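Visitor: First the structure, then my questions, so here it is.
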Amino acid sequence: MAAPKVIFYFDFGSPNAYLAHKVIPEIERRTGAKFEYVPALLGGIFKTTGNRSPAEAYAGIPLKLAYEGTETQRFVKKHGITEYARNPHFPVNTLQIMRGAVAAQTLGVFEAYVDAVYRAMWVDGLKMDDPAVIEAAFTKAGLPAAELIAGMGDAEVKAALIANTEGAVAHGVFGSPSFLVGNELFFGKDKLGDVEAELAASA
């Protein structure tokens with residue numbers, strides 16, 4: 001029997017998606033499930049659905065923003081996440097590095113790319129919408145920087161990211177991280193427990 005699958009719609013610009021990424025291996029080990037990472041541009045999702053980031057949506061509610069930070073620290077502590085820091089350049093325009101994720105799939109370096117870019121964003125705090133910073137981060141991680149940067153401008157790569165984004169919205173996605181188990185959609189890092197329960201129920 002094939003292992004159950006979870007589609008993980010992600011954007012590097014979401015710190016919550018990064019934190020989910022750090023917890024996903026635990027769930028895969030416990031359940032035998034496989035999370036399929038699908039790059040979907042959060043800016044495009046927001047534009048299509050009328051959604052906004054928490055920083056924008058709660059800008060006038062400082063107590064809500066403070067509570068969001070508290071919940072993040074609780075999540076980090078609960079899961080023993082030792083590598084996480086707010087990016088001082090947030091929000092970062094992720095269009096190029098999201099196109100790079102699609103290019104990385106075609107180059108066979110997707111998993112290494114995801115790990116490297118997430119580290120650059122949410123551990124090292126780099127400005128990953130600066131072309132020079134992007135190239136340096138790729139090179140440091142041992143990725144094929146020239147090929148990835150060329151791929152970001154490829155018409156097929158651009159079209160694939162658009163298709164991923166439109167497909168995510170078609171499945172009800174309005175933000176990141178979002179998880180699809182069969183036809184069941186779950187939003188937010190705090191719903192990973194429900195994702196695991198759904199996997200157990202469908203096994």
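The values are calculated or read from the model by the stated rules, or taken from the named source; none is laboratory data. All values derive from a computational prediction rather than experimental measurement. A quick note on method: Cβ atoms are made from the backbone with ideal geometry, for glycine too, and the neighbour counts reach across all protein chains shown. When the accessible area is computed, the model is the full protein with side chains, heavy atoms only, and any ligands, DNA or RNA have been set aside. Shrake-Rupley method; radii C 1.70, N 1.55, O 1.52, S 1.80 Å.
Visitor: Regarding Gly69, is this residue without any contact (Cβ under 8 Å) to a residue 60 or more places away in the chain and closer than 17 Å to His21 by Cβ?
Guide: No: the conditions fail for Gly69.
Visitor: Continuing with the same structure: Tell me which residues, restricted to segment 43-78, are in contact with a helix residue (DSSP H, G or I) (Cβ under 8 Å, 6 or more places away or on another chain) and closer than 18 Å to Asp11 by Cα.
Guide: The answer is Gly43, Gly44, Ile45, Thr48, Thr49, Asn51, Arg52, Ser53, Pro54, Ala55, Thr72.
Visitor: Of the residues Gly80, Gly60, Gly125, which is on the phi > 0 side of the Ramachandran plot, without any contact (Cβ under 8 Å) to a residue 24 or more places away in the chain and either more than 16 Å from the chain's Cα centre (by Cα) or in a loop (DSSP other than H, G, I, E, B) (or both)?
Guide: Being on the phi > 0 side of the Ramachandran plot, without any contact (Cβ under 8 Å) to a residue 24 or more places away in the chain and either more than 16 Å from the chain's Cα centre (by Cα) or in a loop (DSSP other than H, G, I, E, B) (or both) holds for just one of Gly80, Gly60, Gly125, which is Gly80.
Visitor: How about segment 1-25: which of its residues are out of contact with any Asp or Glu (no Cβ under 8 Å at 6 or more places or on another chain), of a type outside the set (Gly, Ala, Ser) and modelled with pLDDT under 95?
Guide: Across segment 1-25, the qualifying residues are Met1, Pro4.
Visitor: Let me ask something else about it. Restricting to segment 188-203, name every residue that is without any contact (Cβ under 8 Å) to a residue 24 or more places away in the chain and out of contact with any Asp or Glu (no Cβ under 8 Å at 6 or more places or on another chain).
Guide: Matches in segment 188-203: Lys191, Gly193, Asp194, Ala197, Ala201.
Visitor: Also, I was wondering about something else. Can you tell me which residues in segment 75-133 are aromatic (Phe, Trp, Tyr) and open to solvent by 10 Å² or more (accessible area, probe 1.4 Å)?
Guide: Result: Phe75, Tyr84, Phe90, Phe110.
Visitor: Restricting attention to segment 46-57, report how many residues are basic (Lys, Arg) and either crowded, with 16+ Cβ neighbours inside 10 Å or assigned to a helix (DSSP H, G or I) (or both).
Guide: Qualifying residue count, segment 46-57: 1.
Visitor: How many residues does segment 25-45 contain that are open to solvent by 40 Å² or more (accessible area, probe 1.4 Å) and part of a helix (DSSP H, G or I)?
Guide: Final tally of qualifying residues: 7.
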